[in-house]
Amino acid sequence: MRTKKKPPERKRPGYFGRFGGRFVPETLSVPLEELARSFRRVAREKGFQRGLDTLLKTYAGRPTPLFFARRLTEYCGGARIWLKREDLLHTGAHKINNCLGQALLAERMGKRRIIAETGAGQHGVAAATAAALLGIECEVYMGEEDMARQEINVFRMEVLGARVIPVRTGSKTLKDACSEALRDWAASFASTYYLLGSTVGPDPYPRMVRDFQAVIGRETKRQFRSVAGRLPDFLVACVGGGSNSLGFFHPFRSDPVEFVGVEAGGAGLKSGRHAASIIRGRPGVLHGSYSYLLQDGGGQVQPTHSISAGLDYPGVGPEHSHYFASGRASYVSVTDRQAFDAALLLSRREGIIPALESAHAVAWSCRLARKLPKNRHIIICLSGRGDKDLETIRKERGGSLPNCVG
Amino acid sequence: MNRIDKKFQKLRAEGKKAAIPFLTAGFPSPAASLTLARELAENGADIIELGVPFSDPVADGPTIQASSAAALARGMTLEKVLRLAENFRRGTETPLVLMGYLNPFLAMGIGRLARRLAAAGVDGLIIPDLPVEESDFLRIPLAAAGIHLIFLAAPNTPPKKMARIAKRGRGFIYYVSRAGVTGARDRLEAGLAEKVSAIKKTSPLPVCVGFGVSRRGQVIKLNRIADGVIVGSALIAPFLRLPPGKARAAAIKKWRELFGGVPEAGR
C-alpha cells in the first residue's frame with residue numbers, strides 16, 4: 001500500500017460541513033461543472049440579476065406581502081404569528097422563484113430543452129411556465145402514481161405546452177422521477193438543461209436553488225424591519241427537499257433568529273409511514289449528495305408517505321443536514337392529521353387556504369406560539385396555496401366539513 | 001498480488017483481451033445468479049462483475065433497473081451478495097468485482113466493508129456514483145485491505161481528470177462507451193477508438209469498455225483497441241422474458257456468440 005499524507009482539512013466546495021458533494025456518474029461530472037461555472041458567472045452579472053428581478057416583479061408578483069395573522073394569533077394565544085405570502089405568487093407557490101432563475105440561466109447557456117422532475121406537479125407547472133415564457137421546449141418527468149393523484153396539474157403542464165413523461169419504475173413517485181431526469185440528462189446534457197426543483201441533488205443545485213429562493217428571506221427581513229423595527233424571533237417553514245425553508249432562512253443565517261424546519265410526520269413517526277428524513281433518517285447518498293436519508297439497514301432507500309406530495313421525498317437538502325448537525329436549526333414533525341387541521345384552521349381564521357405542505361408549518365407555529373409570550377414574533381413561510389389540495393381535503397373528509405374549527 | 005492484476009498480466013503475456021460479464025446478484029434468485037457466474041467463469045470469463053442491487057440505480061437503463069428491482073423484491077442485500085461472493089470464491093480463482101451504488105456500501109461502514117470484502121475474496125469495487133474526486137474516504141481503506149477501487153471514465157472526461165483517474169484508480173479503467181445509461185445499443189460511438197487509445201497512452205492501467213455492448217461485431221472491434229470488453233444488459237435480458245433454466249441457457253449462448261472464437265479473446 002502506498003502511504004499518503006492526508007490533505008489538510010479545508011472547506012470543500014459544494015459541501016455544507018460534511019454534507020453535500022457531487023456523487024454522480026462520471027458522465028454528469030462535466031455538465032455539473034459547466035452548470036456551476038455558468039451559475040457563478042451570472043451570479044456576478046448585474047444584467048442577469050436585473051432581468052431576473054424584473055421578471056420576479058412584473059411576472060411572478062414579487063414582493064409578496066408579509067401579513068400579520070391577527071385572528072390566528074388570537075386563537076393560538078401567545079406569540080404573534082406572521083405569514084410570508086409565497087402562496088400569492090404566479091402558479092401558486094414559491095417554486096416559480098427558482099424556475100425563473102434557472103430558466104434564464106438555461107437560456108444564457110444556450111440550451112434548447114429543459115427537463116424537470118415533479119412530485120405533486122407544482123415544480124413541474126412552474127418549470128413549464130418559465131419554459132413557455134422563454135420559448136424553451138420543456139419535458140417533465142412525473143411518477144405514474146403522482147400523475148393519477150394530481151391529474152389537474154398534469155393537464156396544466158400540457159396546457160402550458162410541456163410534455164409530461166410518466167415514470168413507471170421504482171415507487172413511481174418523486175424520487176423515481178428525479179432518477180429518470182438524471183438518466184435523461186446523462187445522455188442529453190449537450191442540448192438540455194436539467195431544472196431541478198429543490199435544494200437537493202449534486203452540487204451546484206443545493207446552493208443554486210437556495211440562492212434563487214433567498215429572495216423570500218431577503219424580502220421578509222426588510223418587510224419585518226419596516227413594520228416592527230427589529231428581527232423576528234422564529235422562522236418556521238416546512239421541509240421536504242428544503243427549497244422554501246432554505247430560501248427563507250438563508251438571509252437570517254448570521255442573525256439571532258431561531259429556525260424551525262417542519263418535516264412530514266405522515267401517519268406518525270412510529271407508523272413508519274412518514275417522510276421525516278432528518279428526524280428518522282441516517283446520512284447517506286441519494287441523487288448525488290450526502291445528506292440525511294430514509295433508508296433501511298442495508299442502505300436501500302425507503303418508501304415514504306405524506307398527505308402532501310411536495311414533502312413526500314426520502315432525502316433532504318444537504319444544507320439542512322448541516323443546519324441540523326451544527327444545531328443552527330431545529331427540526332420537528334407534524335402528522336398528516338395535524339397538517340390537515342391546520343389547513344382548515346387557517347382557512348377559517350384568516351381566509352387563506354394553504355397548501356398542505358405549508359400547513360405543516362402552520363400547525364407547528366400554533367403549538368409554538370402558545371408557549372411564548374405576546375411580545376415574540378413568529379414568521380411562517382406560507383410556501384403555497386391550497387387549491388391543488390382541495391380534492392385531497394374533500395376525500396379526507398368525505399365531503400363534509402365541520403362548521404367551525406377550534 | 002490482486003487477482004485482477006495477475007489476470008491482466010497473464011492476458012497481456014498471451015496477447016489476449018479480457019472478457020467481462022456483469023450480472024445482477026440475486027437475480028432471478030441468489031442460487032441462479034451464482035450458477036450463472038460459475039458457468040460464465042467456466043466459459044472463459046476473465047473477471048466477473050457482480051451487481052449489488054440498489055433501489056435507485058441512476059446510471060442504469062431499463063434492463064438492469066428491472067433486474068435490480070426484482071432482486072431487491074426477493075430480499076437481496078449487500079450481506080447476501082457477500083455470501084454469494086464467498087461461495088463463488090470457494091471453487092475458483094477468477095477475479096471477482098462487485099459493482100454497485102455507493103449507499104449500500106456506506107451503510108455497512110467503511111471499515112467493516114473493507115474487512116468483509118477481503119474475507120469474501122472480492123478483488124475490486126466499481127461504484128458508478130463515486131467519482132474520483134469524492135473517493136478518498138473509501139479508496140484509502142480499500143487499498144489497505146488489498147481491494148481495488150476501479151473508476152469509470154466517460155467520453156467527456158477532461159484529460160486532467162483522466163490523469164487523476166489513471167493515477168488513483170486500481171485494476172483497470174472502466175471506460176463508458178457513450179453518454180447515457182447502461183443498455184444494449186446497435187452502434188458504437190464515433191471516435192471511441194481515438195478516445196481509448198488516448199487514455200492508453202497516459203495510463204498504466206488496462207482500459208476495458210462497457211455500456212451498450214450487445215453484438216459480436218462490437219466485441220471484435222473493441223478488442224482491437226481496448227484491453228477488455230464488459231457486457232451486462234445483453235446477458236441479463238433473457239432472464240426478464242424467459243423462465244430461469246431457459247434464460248440461463250440463452251445467456252450462455254449469448255456469451256459464446258459474443259466472445260467464442262474471437263481471436264483476441266482467445267477462446
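Overview of values
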{"quantity": "Selection within the range B:158-175 - within 9 Å of another protein chain (Cβ to nearest Cβ) and either at pLDDT below 95 or farther than 16 Å from B:C208 by Cα (or both)", "calculated": "B:P158, B:K161"}
{"quantity": "Residue within the range A:392-406 that is at pLDDT below 95, among the small types (G, A, S) and touching a Leu at 6+ places or on another chain (Cβ under 9 Å) present", "calculated": "yes"}
{"quantity": "Of residues in the range B:176-196 being open to solvent by 50 Å² or more (accessible area, probe 1.4 Å) and at pLDDT 85 or above, the one farthest from A:A190 (Cα to Cα)", "calculated": "B:E194"}
{"quantity": "The range A:132-183: number of residues that are within 24 Å of A:Q300 (Cβ to Cβ), part of a loop (DSSP other than H, G, I, E, B) and over 21 Å from the mean Cα position of the chain (by Cα)", "calculated": "3"}
{"quantity": "Residue satisfying condition, being in contact with a helix residue (DSSP H, G or I) (Cβ under 7 Å, 6 or more places away or on another chain) and surrounded by 24 or more Cβ atoms within 10 Å (Cβ to Cβ), within set A:G265, A:G288, A:G299", "calculated": "A:G299"}
{"quantity": "Qualifying residue in the range A:145-168 (condition: touching a strand residue (DSSP E or B) at 6+ places or on another chain (Cβ under 6 Å) and closer than 22 Å to A:R108 by Cα)", "calculated": "yes"}
{"quantity": "Scope the range B:81-107; condition open to solvent by less than 10 Å² (accessible area, probe 1.4 Å), away from chain A (no Cβ under 14 Å) and in contact with a Gly (Cβ under 6 Å, 6 or more places away or on another chain); matching residues", "calculated": "B:V97"}
{"quantity": "Qualifying residue in the range A:352-365 (condition: in a helix (DSSP H, G or I), more than 23 Å from A:T91 (Cα to Cα), open to solvent by 10 Å² or more (accessible area, probe 1.4 Å) and touching a residue at least 24 places away in the same chain (Cβ under 8 Å))", "calculated": "yes"}
{"quantity": "Residue check, A:G197 modelled with pLDDT of 95 or more, touching a helix residue (DSSP H, G or I) at 6+ places or on another chain (Cβ under 9 Å), surrounded by 21 or more Cβ atoms within 10 Å (Cβ to Cβ) and not in a helix (DSSP H, G or I)", "calculated": "yes"}
{"quantity": "Of the criteria (1) over 26 Å from A:S179 (Cβ atoms); (2) more than 12 Å from chain A (Cβ to nearest Cβ); (3) more than 20 Å from the chain's Cα centre (by Cα), which one B:P141 fails", "calculated": "(2)"}
{"quantity": "Total residues in the range A:172-187, condition surrounded by fewer than 20 Cβ atoms within 10 Å (Cβ to Cβ) and out of contact with any strand residue (DSSP E or B) (no Cβ under 7 Å at 6 or more places or on another chain)", "calculated": "1"}
{"quantity": "Helices (runs of 4 or more DSSP H) enclosed by the range A:13-121 - at least 1 residues per element that are within 14 Å of chain B (Cβ to nearest Cβ)", "calculated": "A:26-44"}
{"quantity": "Extreme residue, farthest from the chain's Cα centre (by Cα), among residues of the range B:51-64 that are outside any loop (DSSP other than H, G, I, E, B) and surrounded by 24 or more Cβ atoms within 10 Å (Cβ to Cβ)", "calculated": "B:I64"}
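Table: residues versus (1) touching a Lys or Arg at 6+ places or on another chain (Cβ under 7 Å); (2) touching a residue at least 12 places away in the same chain (Cβ under 8 Å); (3) open to solvent by 20 Å² or more (accessible area, probe 1.4 Å).
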{"residue": "B:A114", "(1), (2), (3)": "no, yes, no"}
{"residue": "B:A119", "(1), (2), (3)": "no, yes, yes"}
{"residue": "B:I127", "(1), (2), (3)": "no, yes, no"}
{"residue": "B:P141", "(1), (2), (3)": "no, yes, yes"}
{"residue": "B:A144", "(1), (2), (3)": "no, yes, yes"}
{"residue": "B:I150", "(1), (2), (3)": "yes, yes, no"}
{"residue": "B:N156", "(1), (2), (3)": "no, yes, yes"}
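The values are calculated or read from the model by the stated rules, or taken from the named source; none is laboratory data. Since we're looking at a predicted model, the values are computed, not measured. Neighbour counts run over all protein chains shown; Cβ positions are idealised from the backbone, glycine included. The protein model used for the area step is the full one, side chains on, heavy atoms only, and it has no ligands, DNA or RNA in it. Shrake-Rupley method; radii C 1.70, N 1.55, O 1.52, S 1.80 Å.
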